[in-house]
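Here's the structure, in C-alpha coordinates; my notes come after.
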Amino acid sequence: MEKLKHVNKKVIGVSGVLIGALLILGVRFATYAAPAETHYHANFAVYVNGERELFSNPLIYEELNSCSVETVKVKTPGERAHMHDNVNDVVHVEDQAVTWGNFFQNIGWSANSRYLDDSNKVLVNDDTNKVTFILNGEEINDPTTRVIESKDRLLVSYGSSTKDELQKQYETVATTAEKYNTTKDPASCSGGHSEGGIKDRMKHLF
(Lines give C-alpha, C1' and ligand atoms only; values in the text may rest on other atoms or scores of the structure.)
Protein backbone atom coordinates (compact mmCIF):
# COMPACT_ATOMS: atom_id res chain seq x y z
CA MET A 1 0.00 0.00 0.00
CA GLU A 2 2.84 2.36 0.91
CA LYS A 3 4.55 1.52 -2.40
CA LEU A 4 1.34 2.28 -4.29
CA LYS A 5 1.02 5.66 -2.58
CA HIS A 6 4.66 6.41 -3.42
CA VAL A 7 4.09 5.48 -7.09
CA ASN A 8 0.93 7.62 -7.22
CA LYS A 9 2.80 10.63 -5.86
CA LYS A 10 5.49 10.13 -8.51
CA VAL A 11 2.88 9.86 -11.28
CA ILE A 12 1.09 12.97 -10.02
CA GLY A 13 4.39 14.87 -9.79
CA VAL A 14 5.49 13.88 -13.29
CA SER A 15 2.03 14.65 -14.69
CA GLY A 16 2.10 18.08 -13.07
CA VAL A 17 5.46 18.86 -14.61
CA LEU A 18 4.30 17.70 -18.06
CA ILE A 19 1.06 19.68 -17.86
CA GLY A 20 2.97 22.78 -16.76
CA ALA A 21 5.46 22.39 -19.61
CA LEU A 22 2.66 21.91 -22.13
CA LEU A 23 0.90 25.03 -20.85
CA ILE A 24 4.08 27.08 -21.20
CA LEU A 25 4.70 25.75 -24.73
CA GLY A 26 1.08 26.41 -25.65
CA VAL A 27 1.34 30.02 -24.51
CA ARG A 28 4.62 30.49 -26.42
CA PHE A 29 3.04 28.98 -29.55
CA ALA A 30 -0.10 31.15 -29.32
CA THR A 31 1.68 34.41 -28.53
CA TYR A 32 4.54 34.09 -31.02
CA ALA A 33 5.14 37.16 -33.16
CA ALA A 34 7.70 37.17 -35.94
CA PRO A 35 10.43 39.79 -35.52
CA ALA A 36 9.74 43.05 -37.33
CA GLU A 37 11.90 43.75 -40.35
CA THR A 38 13.35 47.19 -41.06
CA HIS A 39 11.24 48.90 -43.68
CA TYR A 40 10.40 52.59 -43.72
CA HIS A 41 10.46 55.55 -46.08
CA ALA A 42 11.77 59.06 -46.58
CA ASN A 43 11.24 61.80 -49.16
CA PHE A 44 13.77 63.83 -51.13
CA ALA A 45 14.20 66.16 -54.09
CA VAL A 46 17.21 67.30 -56.13
CA TYR A 47 17.44 70.62 -57.97
CA VAL A 48 20.17 71.64 -60.41
CA ASN A 49 20.25 75.31 -61.34
CA GLY A 50 16.64 75.70 -60.32
CA GLU A 51 15.37 72.68 -62.29
CA ARG A 52 14.09 69.63 -60.50
CA GLU A 53 15.78 66.33 -61.33
CA LEU A 54 13.19 63.78 -62.51
CA PHE A 55 15.35 60.64 -62.22
CA SER A 56 14.03 59.35 -65.52
CA ASN A 57 16.67 56.63 -65.98
CA PRO A 58 14.78 53.35 -65.43
CA LEU A 59 17.99 51.58 -64.40
CA ILE A 60 18.10 53.37 -61.05
CA TYR A 61 14.83 51.80 -59.92
CA GLU A 62 14.75 48.43 -58.18
CA GLU A 63 12.54 45.83 -59.85
CA LEU A 64 9.55 44.36 -58.03
CA ASN A 65 10.57 41.19 -56.22
CA SER A 66 8.52 38.22 -55.07
CA CYS A 67 10.74 36.82 -52.34
CA SER A 68 10.22 35.78 -48.76
CA VAL A 69 12.00 36.83 -45.61
CA GLU A 70 13.49 33.35 -45.22
CA THR A 71 15.35 33.58 -48.54
CA VAL A 72 16.99 36.92 -47.75
CA LYS A 73 20.12 36.54 -45.64
CA VAL A 74 22.35 39.47 -46.58
CA LYS A 75 20.88 42.44 -48.40
CA THR A 76 22.66 43.94 -51.37
CA PRO A 77 23.33 47.70 -51.31
CA GLY A 78 20.41 48.24 -53.68
CA GLU A 79 18.05 46.29 -51.44
CA ARG A 80 19.09 48.31 -48.39
CA ALA A 81 17.93 51.66 -49.85
CA HIS A 82 16.31 52.24 -53.20
CA MET A 83 13.50 53.66 -55.29
CA HIS A 84 11.07 51.61 -57.33
CA ASP A 85 7.94 51.71 -59.47
CA ASN A 86 9.22 54.97 -61.07
CA VAL A 87 8.31 56.98 -57.98
CA ASN A 88 11.14 59.50 -57.96
CA ASP A 89 10.73 61.16 -54.57
CA VAL A 90 10.49 58.23 -52.13
CA VAL A 91 13.41 56.34 -50.61
CA HIS A 92 12.65 52.79 -49.43
CA VAL A 93 14.92 51.86 -46.53
CA GLU A 94 15.10 48.15 -45.71
CA ASP A 95 18.08 47.81 -43.41
CA GLN A 96 19.55 49.45 -40.33
CA ALA A 97 22.06 52.31 -40.35
CA VAL A 98 21.54 53.22 -44.01
CA THR A 99 22.91 56.69 -44.77
CA TRP A 100 21.96 59.23 -47.42
CA GLY A 101 25.40 58.61 -48.88
CA ASN A 102 24.55 54.91 -49.25
CA PHE A 103 21.30 55.74 -51.01
CA PHE A 104 22.81 58.18 -53.52
CA GLN A 105 25.60 55.72 -54.27
CA ASN A 106 22.98 53.03 -54.97
CA ILE A 107 21.38 55.19 -57.67
CA GLY A 108 24.74 56.19 -59.17
CA TRP A 109 24.93 59.65 -57.62
CA SER A 110 27.22 61.36 -55.16
CA ALA A 111 26.14 64.39 -53.16
CA ASN A 112 28.37 66.06 -50.62
CA SER A 113 29.44 69.49 -49.43
CA ARG A 114 31.97 69.89 -52.28
CA TYR A 115 30.19 68.64 -55.39
CA LEU A 116 27.16 66.94 -56.92
CA ASP A 117 27.81 64.02 -59.27
CA ASP A 118 24.96 62.49 -61.27
CA SER A 119 27.30 59.93 -62.95
CA ASN A 120 27.24 61.98 -66.18
CA LYS A 121 28.72 65.22 -64.91
CA VAL A 122 30.33 66.58 -61.76
CA LEU A 123 29.05 69.95 -60.55
CA VAL A 124 31.71 71.46 -58.29
CA ASN A 125 31.31 74.34 -55.88
CA ASP A 126 32.71 77.64 -57.18
CA ASP A 127 32.39 81.35 -56.43
CA THR A 128 28.82 81.42 -57.78
CA ASN A 129 27.37 77.95 -57.37
CA LYS A 130 27.38 75.48 -54.51
CA VAL A 131 25.63 72.39 -53.18
CA THR A 132 23.10 73.12 -50.45
CA PHE A 133 21.26 70.60 -48.27
CA ILE A 134 18.12 71.16 -46.24
CA LEU A 135 17.08 68.26 -44.03
CA ASN A 136 13.75 68.46 -42.21
CA GLY A 137 13.70 72.24 -42.58
CA GLU A 138 17.28 72.83 -41.39
CA GLU A 139 20.25 73.61 -43.61
CA ILE A 140 23.06 71.11 -43.01
CA ASN A 141 26.61 70.83 -44.27
CA ASP A 142 26.64 67.28 -45.65
CA PRO A 143 24.14 64.40 -45.38
CA THR A 144 26.56 61.70 -46.58
CA THR A 145 27.02 60.08 -43.18
CA ARG A 146 23.55 60.91 -41.86
CA VAL A 147 21.42 57.83 -41.26
CA ILE A 148 18.14 58.08 -43.15
CA GLU A 149 15.35 58.35 -40.62
CA SER A 150 11.71 57.48 -41.18
CA LYS A 151 9.80 60.41 -42.75
CA ASP A 152 12.97 62.44 -43.40
CA ARG A 153 12.62 65.20 -46.01
CA LEU A 154 15.85 66.12 -47.80
CA LEU A 155 16.48 68.82 -50.39
CA VAL A 156 19.67 68.72 -52.44
CA SER A 157 20.20 71.84 -54.53
CA TYR A 158 23.10 72.90 -56.73
CA GLY A 159 23.35 76.40 -58.14
CA SER A 160 23.14 80.01 -57.08
CA SER A 161 19.64 79.93 -55.60
CA THR A 162 18.81 82.50 -52.93
CA LYS A 163 17.60 81.46 -49.49
CA ASP A 164 14.01 82.23 -50.50
CA GLU A 165 14.38 80.11 -53.64
CA LEU A 166 15.89 77.27 -51.62
CA GLN A 167 12.97 77.45 -49.21
CA LYS A 168 10.51 77.21 -52.09
CA GLN A 169 12.41 74.20 -53.43
CA TYR A 170 12.31 72.56 -50.02
CA GLU A 171 8.55 73.06 -49.84
CA THR A 172 8.20 70.88 -52.95
CA VAL A 173 9.80 67.89 -51.19
CA ALA A 174 7.00 65.33 -50.86
CA THR A 175 5.47 64.33 -47.53
CA THR A 176 4.29 60.89 -48.62
CA ALA A 177 6.68 58.79 -46.51
CA GLU A 178 4.14 58.27 -43.75
CA LYS A 179 1.59 56.96 -46.26
CA TYR A 180 4.16 54.51 -47.62
CA ASN A 181 5.05 53.43 -44.07
CA THR A 182 1.49 52.21 -43.57
CA THR A 183 0.98 50.69 -47.03
CA LYS A 184 2.02 47.16 -48.03
CA ASP A 185 5.00 47.38 -50.35
CA PRO A 186 4.83 44.85 -53.22
CA ALA A 187 8.55 45.28 -53.92
CA SER A 188 9.71 44.53 -50.41
CA CYS A 189 11.60 41.38 -49.50
CA SER A 190 11.16 42.19 -45.86
CA GLY A 191 7.86 44.01 -45.85
CA GLY A 192 7.43 45.25 -42.34
CA HIS A 193 6.12 42.60 -39.96
CA SER A 194 5.48 38.93 -40.70
CA GLU A 195 2.72 37.07 -38.90
CA GLY A 196 4.83 33.92 -38.61
CA GLY A 197 3.75 30.52 -39.90
CA ILE A 198 3.52 27.13 -38.14
CA LYS A 199 7.20 26.42 -38.87
CA ASP A 200 8.31 29.69 -37.25
CA ARG A 201 6.05 29.12 -34.25
CA MET A 202 7.44 25.62 -33.72
CA LYS A 203 11.00 26.97 -33.79
CA HIS A 204 10.01 29.53 -31.17
CA LEU A 205 8.82 26.87 -28.72
CA PHE A 206 12.30 25.73 -27.69
Subject >> Sulfur and carbon atoms: percent of accessible area, segment 96-153 [1.4 Å] >> reply: 40 percent
Subject >> Contour excess over end-to-end distance, with Cα ends at Thr172 and Ala97 and 0.36 nm allotted per residue >> reply: 24.4 nm
Subject >> Distance (nanometres) between label positions extended 7 Å along Cα→Cβ at Tyr115 and Thr162 >> reply: 3.1 nm
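The values are calculated or read from the model by the stated rules, or taken from the named source; none is laboratory data. Here the structure is a predicted model, which means the values were calculated and not measured. Every residue, glycine as well, gets a Cβ built from its backbone with ideal geometry; the counts of neighbours run over all protein chains shown. Accessible surface areas use protein heavy atoms only, side chains included; no ligands, DNA or RNA. Shrake-Rupley method; radii C 1.70, N 1.55, O 1.52, S 1.80 Å.
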